[in-house]
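Here is the structure we will look at.
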Amino acid sequence: MDAILAAKSDQAVELLRELDIDVWMIVVRESGACNDPSMPMVVGADVVWTSFFIFTKTGRKIALVGNFDAPIFERLGHFDEVKSYTKGVREDLLATLSSLHPKKIAVNYSLDYHMADGISHGLYMQLQKYLKGSLFEGMLVSSEKLLAELRAVKLDEEIERIATACDLTERLFGSLKRKIKAGMTGVEIYEFLKKKVISKGVEFSFPPAINIGTKSPLGHAMYSDDRLEPGEIFHIDFGVIYKGFCSDLQRLIYVLKEGETEPPEEVRKAFETVFGIIRETSRLAKPGTPGYRLDQTARRMLKEAGYPEYQHALGHQVGRFVHDGGTILGPRWERYGKSPYGKLSEGNVFTLELEIVLDGVGVIGLEEDVVVTAKRCKFLSKPQRRLICV
């Protein structure tokens, strides 16, 4: 059993005590096809029948599963009790809850936080049906605060895995920068990178976004047959998964024109502005700071340098998924709900990312992964401090 599995389960119990929630209950069925994002973190295996994974603030951890699923969790060993059923689960569920005497039962639904919205609508309705007429009817509350903290506050081993994923990503970019030259297409670059990723025994954490000058659409575009020309920027946004944990970085290469020995002034200025904002906002990434505060600083600095605002958040949390954790470093826009108001805490891992788009040149965008420590922010990636030229 992965040591992180048991440790995260223990962390969940501590959070239940802090939040004064009696029971957290993960409810799933056919999880191999319709998984709840919290399953790999604290459960560790898939189920077929409707199942209930119950964590209590007293420390009891109970798995109530179908009879053919039970042996899996008995072998895993991090549940104190593994109960099974054959014909129907309602009676066993009510008996289990009766032994716990809860007043609040947190389940995985949320309006704002996608990683805490794991229960399907139909399964939520089924759960309400099971509880109807019992002492537990009306006790269901959202687990969003619990899951936001559980996913966001990383254990040391989780941080080490993200750091290793960053290191692997930087090594892959090192191979790429030795390969890049004028005339290459986005498809050729992707195929080269894909082979390197496979050779490292890892996989992409998301489909890489490759920008060839300004010919590729900005955002989560993948790659195209557009050719990289002198005077253009090659920009890539990519990461890998190492032992279940992701990296997410952006890197840049400028293709020199004939007779150039360095990029034009406008390119150098844009790069230095983006790098300077990442450096400055990293200094503000301390426990207790609201997420929107860092984004405000970045937008102010960008505006003062004479550039338009970027159209996204300055940063998001990274973990088992590329977008993980409840707080973002973003503006107080409707689309982000409550996420920008969350405060940074020790053990959070964030990206710091923004871009400037120069007409005819390309995307001057950088992205670094950082961890919030007790007093400051620490880079898990090695920041790209200069614009690489080929």
- Task: Please find the FRET efficiency linking Lys375 to Glu157, where r is the Cβ-Cβ separation and R0 is fixed at 25 Å, and quote it to the nearest 0.05.
- Result: 0.70
- Query: Taking only protein heavy atoms and a 1.4 Å probe, what accessible area per residue, in Å², does the chain have with all protein chains in place?
  - Reply: 45 Å²
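Which percent of the accessible area of the stretch 1-84 is formed by carbon and sulfur heavy atoms (probe 1.4 angstrom)?
51 percent
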- Query: If Lys and Arg each add +1 and Asp and Glu each add -1, what is the summed charge of the other residues whose beta carbon sits under 14 Å from the beta carbon of Phe68?
  - Reply: 0
- Message: Given the whole protein assembly as supplied and a 1.4 Å probe, what does the accessible area of Tyr223 come to in Å², nearest 10?
- Response: 80 Å²
- What is the set of long-range amide H partners of Gly365 at a cut-off below 5 Å, with H atoms built 1.01 Å from backbone N? Ile356
- Query: For the charge dipole of the stretch 1-96, defined by +1 on Lys and Arg C-beta atoms and -1 on Asp and Glu C-beta atoms about the Cα centroid, which residue among Gln11, Ile62, Trp24 has the Cα displaced farthest towards the positive pole?
  - Reply: Ile62
- Query: Using r as the Cβ-Cβ distance of Phe68 and Lys215, and R0 as 41 Å, what FRET efficiency do you calculate, to the nearest 0.05?
  - Reply: 0.15
- Message: If you roll a 1.4 angstrom probe over the protein chains with everything in place, what fraction of the accessible area of the stretch 161-291 belongs to carbon and sulfur, to the nearest %?
- Response: 48 percent
- Task: Kindly express, to the nearest 10 degrees and within the range 0 to 90, the angle between helix 90-100's C-alpha long axis and the longest C-alpha principal axis of the chain.
- Result: 90 degrees
- Query: For Ala3, what charge total do you get from the other residues with a beta carbon under 13 Å from its beta carbon, if Lys and Arg give +1 and Asp and Glu give -1?
  - Reply: -3
- Query: Toward the positive end of the charge dipole of the stretch 202-357, about the Cα centre and with charges on Cβ (Lys, Arg +1; Asp, Glu -1), which of Ser282, Ser247, Ile210 goes farthest?
  - Reply: Ser282
- Query: Once fully extended, how much extra length lies between Asp112 and Ala7, figured as 0.36 nm per residue of separation less the alpha-carbon to alpha-carbon distance?
  - Reply: 35.2 nm
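Just subtract the alpha-carbon distance of Lys303 and Ser175 from 0.36 nm times their residue separation and send over the number in nm, one decimal.
Result: 42.6 nm gained on full extension.
Would you mind getting me the FRET efficiency between Thr261 and Cys34? Use the beta-carbon distance for r and R0 = 56 Å, nearest 0.05. Could you put the intermediate results ahead of the total?
Values: r = 57 Å, r/R0 = 1.01.
E between Thr261 and Cys34, to the nearest 0.05, is 0.50.
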- Which of [x] 20.9, 66; [y] 23.6, 81; [z] 19.5, 60 is the computed Rg and Dmax of the Cα atoms in Å? It is [y]
- Of Lys129/Lys338; Lys57/Lys132; Lys132/Lys154; Lys154/Lys338, pairs whose Cα-Cα distance is over 26 Å: Lys129/Lys338; Lys132/Lys154
- Helix 186-199 sits off the longest principal axis of the Cα atoms of the chain, rounded to the nearest 10 on a 0 to 90 degree scale, by 50 degrees
- Message: Beyond a 23 Å Cα-Cα separation, which of these cross-linked pairs lie in this structure: Lys200/Lys243; Lys103/Lys343; Lys215/Lys378; Lys215/Lys382; Lys179/Lys200?
- Response: Lys103/Lys343; Lys215/Lys378; Lys215/Lys382
- Message: With +1 on the Cβ of every Lys and Arg and -1 on the Cβ of every Asp and Glu, and nothing else charged, how large is the dipole of the chain about its Cα centre, in debye rounded to the nearest 20?
- Response: 520 debye
- The helix 3-19 Cα axis meets the longest alpha-carbon principal axis of the chain at an angle in degrees, between 0 and 90 and rounded to 10, of 70 degrees
- Note on the structure: Charge tally for neighbours of Asp20 with beta carbon under 10 Å away, counting Lys, Arg as +1 and Asp, Glu as -1, is +2
- Task: Within 10 Å, count the other beta carbons around each residue, average over each peptide in 134-144, 165-175, and list them highest first.
- Result: 165-175, 134-144
- Query: Expressed as a whole number of Å, what is the distance separating the alpha-carbon centroids of the stretch 9-74 and the stretch 194-249?
  - Reply: 35 Å
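The values are calculated or read from the model by the stated rules, or taken from the named source; none is laboratory data. In this text, all values refer to a predicted model and were calculated from it rather than measured experimentally. With ideal geometry, Cβ positions are generated from the backbone for all residues, glycine too; neighbour counts draw on all protein chains shown. Heads up: the accessible areas ignore ligands, DNA and RNA and are worked out on the full protein's heavy atoms, side chains in. Shrake-Rupley method; radii C 1.70, N 1.55, O 1.52, S 1.80 Å.
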